[in-house]
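A.B. asks: This is the structure I have questions about; it appears just below.
The values are calculated or read from the model by the stated rules, or taken from the named source; none is laboratory data. All figures in this text were calculated on a predicted structure; none of them were measured in a lab. Cβ coordinates were reconstructed from backbone atoms using ideal geometry, including for glycine residues, and neighbour counts include every protein chain displayed.
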Amino acid sequence: MSKIKNIVVLTGAGISAESGIRTFRDTGGLWEDHSIEEVATPQGYADNPELVLGFYNARRAQLSKVEPNAAHIALAKLEAGLMERGGLLTIVTQNVDDLHERGGAKNIIHMHGELLSQWCRVCDRKFKSAEAFTLQSQCPKCESIGKVRPDIVWFGEMPYFMDTIEAHIQNCDLFVSIGTSGAVYPAAGYVQVARGLGKQTLEINLEPSEGSYLFHESRLGKAGEMVPAWVDEILGLL
Ligand code: OAD
Ligand code: ZN
């Protein structure tokens, strides 16, 4: 453990659960009472864009009512601690919330997009916005009406930054997965990528994930308690 310099942390909905954002799979396949097909697929958007826009508007509005928890804050502390020692923490998150940023971390890769980012399907430009979007909304870049969609990766679409993520895994000494069920690929396969490259691997989750057996070590418990303890351990060991 003493040689650990670069760490890649993959996070999922479980790290935001204690902030009050519901996870996906503990709600029986429903996301805030909608099926994944309805609100998280290109087909769902084509069938009922108004419903999908409204759904993400509600998720976006929820962000101002939640706060980062001890796990997000501990990862920011780890980032600063590794940087002081010439190392690097890369947070690869499947979450579309902004709690890692608000917890103070800087090096964050949103592989499934962000609630605070919008994507215009006419000019293809992306822009940050905390506003609600409807079929009457205008793209601030090209002024088209009703063609701005959430910049969220839906099922059947390619996650973002996959090459960058694999390069960071290649350069890391330790790969850690926090608060993810390990049910959605390619994120769920990163532990295998890390193992294939001979990296150390650790899982921190409330319960064993689907790929739990692939990790060298699995620590079970709440992220808000387990992550700060693990960070102190790592920083104390360096
Ligand atoms: P899931 O809802 O599938 O899994 C959340 C995991 O977090 C579960 O294994 C829980 O046991 C665990 N968990 C819950 N509370 C926790 C806590 N307080 N501390 C630690 N762990 C806790 O969420 P993800 O794995 O993030 O994709 O789901 C992956 C992707 O599937 C999401 O990014 C989303 C979804 O459909 C897209 O939207 C594209
Ligand atoms: Zn546009």
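A.B. asks: How many residues does the range 92-127 hold that are more than 24 Å from residue 166 (Cβ to Cβ) and either of a type in the set (Ser, Thr, Tyr) or touching a Phe, Trp or Tyr at 6+ places or on another chain (Cβ under 6 Å) (or both)?
C.D. replies: Result for the range 92-127: 1.
A.B. asks: Can you tell me which residue within the range 1-16, out of those that are outside any loop (DSSP other than H, G, I, E, B) and in contact with a Gly (Cβ under 7 Å, 6 or more places away or on another chain), is nearest to ligand 1 (Cβ to nearest atom)?
C.D. replies: 14
A.B. asks: Could you tell me whether residue 118 is under 18 Å from residue 14 (Cβ atoms) and among the polar types (S, T, N, Q)?
C.D. replies: No.
A.B. asks: Enumerate the pairs (first residue in the range 218-238 and within 17 Å of residue 201 (Cα to Cα); second residue anywhere and loosely packed, with under 13 Cβ neighbours inside 10 Å and acidic (Asp, Glu)) with beta-carbon separation below 8 Å, excluding pairs fewer than 6 apart on the same chain, so at least 6 apart or on different chains.
C.D. replies: Partner pairs satisfying both residue conditions: 220/207.
A.B. asks: If you take just the helices (runs of 4 or more DSSP H) that sit entirely in the range 29-100, which of them hold at least 2 residues that are surrounded by 22 or more Cβ atoms within 10 Å (Cβ to Cβ) and at negative phi?
C.D. replies: So the answer is 49-62, 70-84.
A.B. asks: I'm told residue 107 meets every condition in (1) farther than 21 Å from residue 4 by Cβ; (2) in contact (Cβ under 8 Å) with a residue 12 or more places away in the chain except one. Can you identify the failing condition by its number?
C.D. replies: So the condition that residue 107 fails would be (1).
A.B. asks: Considering each residue of the range 125-180, count those that are of a type in the set (Asp, Glu) and within 16 Å of ligand 2 (Cβ to nearest atom), and give that number.
C.D. replies: 3
A.B. asks: Can you pull out every residue in the range 202-235 that is of a type in the set (A, V, I, L, M) and part of a helix (DSSP H, G or I)?
C.D. replies: Those that are of a type in the set (A, V, I, L, M) and part of a helix (DSSP H, G or I): 214, 223, 226, 227, 229, 231, 234, 235.
Each row is one residue, and each column tells you yes or no for (1) at pLDDT 95 or above; (2) under 30 Å from residue 88 (Cα atoms); (3) touching a strand residue (DSSP E or B) at 6+ places or on another chain (Cβ under 6 Å).
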site	(1), (2), (3)
7	yes, yes, yes
16	yes, yes, no
34	no, no, no
49	yes, no, no
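A.B. asks: On the basis of being more than 14 Å from ligand 2 (Cβ to nearest atom), closer than 20 Å to residue 210 by Cβ, buried (at least 20 other Cβ atoms within 10 Å of the Cβ) and small (Gly, Ala, Ser), does residue 189 make the cut? Walk me through how you get there before you give the answer.
C.D. replies: Details: more than 14 Å from ligand 2 (Cβ to nearest atom): yes; closer than 20 Å to residue 210 by Cβ: yes; buried (at least 20 other Cβ atoms within 10 Å of the Cβ): no; small (Gly, Ala, Ser): yes.
It is false that residue 189 is more than 14 Å from ligand 2 (Cβ to nearest atom), closer than 20 Å to residue 210 by Cβ, buried (at least 20 other Cβ atoms within 10 Å of the Cβ) and small (Gly, Ala, Ser).
A.B. asks: Looking at the structure I just gave you, is residue 224 at pLDDT 95 or above, within 12 Å of ligand 1 (Cβ to nearest atom) and within 18 Å of the chain's Cα centre (by Cα)? Please lay out each step first, then the result.
C.D. replies: Working: at pLDDT 95 or above: yes; within 12 Å of ligand 1 (Cβ to nearest atom): yes; within 18 Å of the chain's Cα centre (by Cα): yes.
So residue 224 fits the description; yes.
A.B. asks: Now for a separate question. Are any of the residues in the range 106-116 within 30 Å of residue 196 (Cβ to Cβ), assigned to a strand (DSSP E or B), more than 16 Å from ligand 2 (Cβ to nearest atom) and β-branched (Val, Ile, Thr)?
C.D. replies: yes
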